[in-house]
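Please read the structure below before turning to the comments.
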Amino acid sequence: EKGKLMITSTTGIFLLDWKSKTIQVAKFLPPGKNYRCIEKDNAGNFWIGSDGNLFIMKDDFTLADSSLYKKHFTPEASAVNCLQKDALGRMWIGTGSALLLADQNEIIQIKSPNNDAPENITEMYVDKQATLWVYAAGKGLYQVYQPGILFQTIPGMELLSKNQLTQSMVEEKPGSWIIGTRHGLYRYIFSSKKFEELNITNNPNNKPWIG
């Protein structure tokens, strides 16, 4: 925002100011936590996911109280891989062991109506219709419809997810998604429920596709 970019890294959190060409370090965060993701909530706080922990940082880089959420994140817990704010301002948290939702000062684990619990969440995305897309390595792609929580799985994704690790997803156009994985770039067509491998660089070694 306003020419500034917040960056997560394996060593810390950095604020890059394009105008002044300076980098500021978030000194209140413990070093060496392998910070994986960051998302800004409606109150202006930054939610930061790391290996086995969740931090909430104010815009002045000081830490906000996140003690209400600490029972879900311990050094032994799975890493927080991704964070996503939905259309209602709720914060979705994807970890290696569960899909969690932070709403009204509590965190709950989300399961589908058939009691299927997505795990090893590697990517989340909210489209223009406010639908939350959740990719679970090994189980495939889920749609979570808002404002309630209504699950739908995407046929065909399970086979791909067993052998690939999705790094990024984007809606190319209605009914077509581009999926970047560690082993290649794919297009998924919903009408045919089929995948098409893309080789836009004519170089089969150009992978993984991170974003």
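The values are calculated or read from the model by the stated rules, or taken from the named source; none is laboratory data. Computed from a predicted model, the values in this text were never measured in an experiment. Here the Cβ is made from the backbone with ideal geometry for all residues, glycine too, and neighbour counts use every protein chain on show. What goes into the accessible areas is simple: the full protein's heavy atoms, side chains included, and nothing from ligands, DNA or RNA. Shrake-Rupley method; radii C 1.70, N 1.55, O 1.52, S 1.80 Å.
Consider region 134-151 and keep the residues that are outside any loop (DSSP other than H, G, I, E, B) and closer than 17 Å to Val80 by Cα. The one that is farthest from the chain's Cα centre (by Cα) is Ala136.
Within region 22-42, the residues that satisfy the criterion of being assigned to a loop (DSSP other than H, G, I, E, B) and either under 21 Å from Gly94 (Cβ atoms) or touching a Phe, Trp or Tyr at 6+ places or on another chain (Cβ under 8 Å) (or both) are Ala26, Lys27, Phe28, Leu29, Lys33, Asn34, Tyr35, Arg36, Asp41, Asn42. Out of the residues in region 79-121 meeting the condition of being at pLDDT below 85 and in a strand (DSSP E or B), tell me which one is least open to solvent (accessible area, probe 1.4 Å). Here the answer is Ile107. In this structure, does Thr166 turn out to be surrounded by 13 or more Cβ atoms within 10 Å (Cβ to Cβ) and at pLDDT below 75? Considered against the rule, which asks whether it is surrounded by 13 or more Cβ atoms within 10 Å (Cβ to Cβ) and at pLDDT below 75, Thr166 comes out as yes.
Within region 1-42, if we keep just the residues that are within 19 Å of Ala102 (Cβ to Cβ) and open to solvent by 80 Å² or more (accessible area, probe 1.4 Å), the residue that is modelled with the lowest pLDDT turns out to be Arg36.
Checked against (1) modelled with pLDDT under 75; (2) open to solvent by less than 10 Å² (accessible area, probe 1.4 Å); (3) part of a loop (DSSP other than H, G, I, E, B), Ser161 passes all but condition (3). The residues of region 122-138 that are of a type in the set (Asp, Glu) and open to solvent by 30 Å² or more (accessible area, probe 1.4 Å) amount to a single one, Glu123. Among the residues of region 44-57, is any surrounded by 13 or more Cβ atoms within 10 Å (Cβ to Cβ), of a type in the set (Phe, Trp, Tyr), in a helix (DSSP H, G or I) and touching a Leu at 6+ places or on another chain (Cβ under 7 Å)? Within region 44-57, none of the residues are surrounded by 13 or more Cβ atoms within 10 Å (Cβ to Cβ), of a type in the set (Phe, Trp, Tyr), in a helix (DSSP H, G or I) and touching a Leu at 6+ places or on another chain (Cβ under 7 Å).
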